[in-house]
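Here is the structure we will look at.
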Amino acid sequence: MEVKPVVPTHLGIIMDGNGRWAQKRALPRTAGHLEGLKALKKVIKEASVQGIGFVTFYVFSTENWKRSEQEVSYLMSLLVSKLHGELSFYNQYGIRILFRGDLEGLPKDVQKVINDTVTSTQNNSKISCILAINYGGRNEICRAVHRCLDEDPAYNITEEAIASHLDLPQVPPVDMIVRSANEKRLSNFLLWDSAYAEFGFYEKLWPDWNGEDVKQICFDFSQRVRKYGGVQ
Ligand code: IPE
Ligand code: IPE
Ligand code: MG
């Protein structure tokens, strides 16, 4: 049976192009990341208005450690200085912050700010803003398998077993994954969940995104017909 989508319940966003945005303006790459944060706030606000339940933002991949020490430490310090400081913004728009990724691989101060922010926003219920930090799809699947085996060395590793041991098993699988900056790849994002996701690739660089882009994504999604292997 055809399932006609309205807005995605869960939208995944690969925020790309911060460096190019800065480069175009002869600014350091870090300036692009700071501007990208402003775009994230505009996007989550409009996603909430549109009635999207969950938005996962790809903030930092397990491969992003390859970048210069200066860029990595800037990104980590941005998390520490900005994440918890936005509490009144989260509360105003009913935003619950969730974390997805390998927490233990992050610096202790980043772990603390993430845990504090998740706890402080746990009663907000309009929209969940999931931050994928030190996140890799392969890494998440491996950790899910390890969780099963830690529970029982003879655990029967079925699809359901893996799905129920991912980082946020209560969050529905992603319905649509979008990427900015005209790159057309997943870069290790939500590999398990993306099995039946719709995809959207957009030219604009991430720091230039705003609420209008969310409206466009919702429109594009509404045009898709999802069949899940069945017949329309
Ligand atoms: C995305 O922008 C932000 C992160 C991956 C942390 P980039 O920093 O990848 O920007 P480009 O791709 O170099 O333009
Ligand atoms: C993907 O962007 C990771 C994030 C958006 C956090 P990258 O810019 O790191 O991806 P590649 O290297 O172009 O594939
Ligand atoms: Mg990039």
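The values are calculated or read from the model by the stated rules, or taken from the named source; none is laboratory data. Since the structure is predicted, the reported quantities are computational estimates derived from the model, not experimental observations. Glycine also receives a Cβ, built like all others from the backbone with ideal geometry; neighbour counts cover every protein chain displayed. Note: areas computed on protein heavy atoms with side chains; ligands, DNA, RNA excluded. Shrake-Rupley method; radii C 1.70, N 1.55, O 1.52, S 1.80 Å.
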Cα shape, segment 175-228, gyration tensor, a/c 1.5 rule: oblate
At most 10 other Cβ atoms within 10 Å and a DSSP loop assignment: could you name the trypsin sites (Lys or Arg not before Pro) in segment 180-211 that fit? Lys184, Arg185
Give me Rg/Rg_expected for the chain, where Rg uses Cα atoms only and Rg_expected = 2.2 N^0.38 Å with N residues. 1.01
Quick check: at a probe of 1.4 Å, how many percent of the accessible area of the chain sits on carbon and sulfur atoms? 52 percent
Computed [θ] at 222 nm, helices only, for the chain once each DSSP H run of length n ≥ 4 contributes -39500 (n - 2.57): -12500 deg cm²/dmol
Does segment 33-171 come out rounded, prolate or oblate, given a ≥ b ≥ c as the square roots of the eigenvalues of its C-alpha gyration tensor, rounded meaning a/c under 1.5 and, failing that, prolate meaning a/b above b/c? oblate
Which pairs break 28 Å Cα to Cα here: Lys45/Lys184; Lys112/Lys204; Lys38/Lys184? Lys112/Lys204
For segment 54-99, what does the alpha-carbon gyration tensor say about shape, rounded, prolate or oblate, given a ≥ b ≥ c as the root eigenvalues, a/c under 1.5 as rounded, and a/b over b/c as prolate? oblate
Residues with beta-carbon under 13 Å from that of Ser120, excluding Ser120: net charge, scoring Lys, Arg +1 and Asp, Glu -1? 0
